[in-house]
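Values in this text are rule-based calculations from the coordinates and carry no lab data. Quantities reported herein were computed from a predicted structural model and do not represent experimental measurements. Quick reminder, even Gly has a Cβ in these numbers, built from the backbone with ideal geometry, and neighbours come from all protein chains shown.
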Amino acid sequence: MDLIWINSADLHRFDGGEGGAPAGDNGGPGSSQPGETGEGQGQTPDGKAPDAGGQQEKTGEQLKEEFGALIKGEYKDAFSNEVQAIINRRFKETKGLQEQLSAQQPLMDKLMARYNIEGGDVAALDRAIDADDALWSQAAEDAGLTVEQYRRVQNMELENMRLKRAERENIARQMAQRQVEAWQQQAQEIRAEYPGFDLEAEIQNPTFKAMLKAGAPMKNAYEAIHMGEIKAGVAQQASAEREKQVTDNIRARGQRPTEGGSSGAGITYSSDPSKLTAKEREELARRAERGERITFQ
């Protein structure tokens, strides 16, 4: 089961099917005609325009303009990728159906010739097969039924098969939807821990996709593939924290007064403490422990 990530955008809404006049302007009761006054045309019952705080339903043209601005601006790349994914999927489905029909065509041609049916009329072929008693007689006799009884039994079995197939397909769609929702939830949790996580990018990795299909948790799959990067990031963060801790410690000791209120020898640094080397920080720490005052300009 391949993942398909689709942003919620009803493209058919803007293809002209739902365009037209604003709500209420349908020529029926309550609509305003030329020369008449009423509640239509964006006016309140008293004939005045609604105040600035009022909410008006947007027209199809306004929604179309807003949608166009979004897909040409902020969501341009996401929309283009989604449209391309839909096209690729439809093309794949269409190609599969064409190949299936091409494979079945020789058999259909033989049946059409057998029953003298022209023009590829599939409905006529179905009626001809159903009415061919010779085709059903031997099977009916073997089953201990009349031809009519056997034909009815066969039709019921075929209908039962179609219903079961439709039920299986419906269950498969529901399971796929639940799985996608679970993965989307996992993706949100992973981003909270790894802000750089990008599910759309990761799903292009065959290893990542294979691990998800095998039932591995998404976080495990991500960490397994990016373990080197994750370790490097953790080490870098730990190093930065240690450096800050040492620097803060040096500053704290440098500002602490010596016992007895006397101030020992001091040393002043003009450089930024964060730019000190590890060796310099250790030396300053030792001096601070001896009571020297360390300050930075």
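Mind sorting Thr207, Thr277, Thr247 by how few other Cβ atoms lie within 10 Å of their own Cβ, fewest first? Show your work: numbers first, answer last.
On the way: Thr207 11, Thr277 8, Thr247 18.
Fewest-to-most Cβ neighbours within 10 Å comes out as Thr277, Thr207, Thr247.
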Inter-site label distance for Gln62 and Glu229 at 7 Å from Cα along Cβ, in nm: 4.4 nm
Proxy reagent accessibility, fewest Cβ within 10 Å first, across Met108, Met156, Met218: Met156, Met108, Met218
FRET efficiency estimate (nearest 0.05) - Cβ-Cβ, Thr94 to Lys219, R0 35 angstrom: 0.40
Separation in nanometres of the label points that stand 7 Å from Cα toward Cβ, at Ala201 and Asn249: 3.7 nm
Proximal lysines relative to Lys219, as straight alpha-carbon distance under 26 Å, when same-chain residues fewer than 8 apart are discounted: Lys209, Lys231
All lysines inside 29 Å of Lys64 as judged from Cα atoms, apart from same-chain residues fewer than 8 positions distant: Lys48, Lys72, Lys76
Ranking of Ile71, Ile171, Ile86 by count of other Cβ atoms within 10 Å, fewest first: Ile171, Ile86, Ile71
Karplus 3J(HN,Hα) series, Hz, for segment 90-106 with 6.51 cos²θ - 1.76 cosθ + 1.60 (x for Gly, Pro): 5, 5, 5, 5, 5, 4, x, 5, 5, 5, 5, 5, 5, 5, 8, 4, x
Förster-model FRET efficiency, 51 Å R0, Gln179 and Glu141, C-beta, rounded to 0.05: 0.55
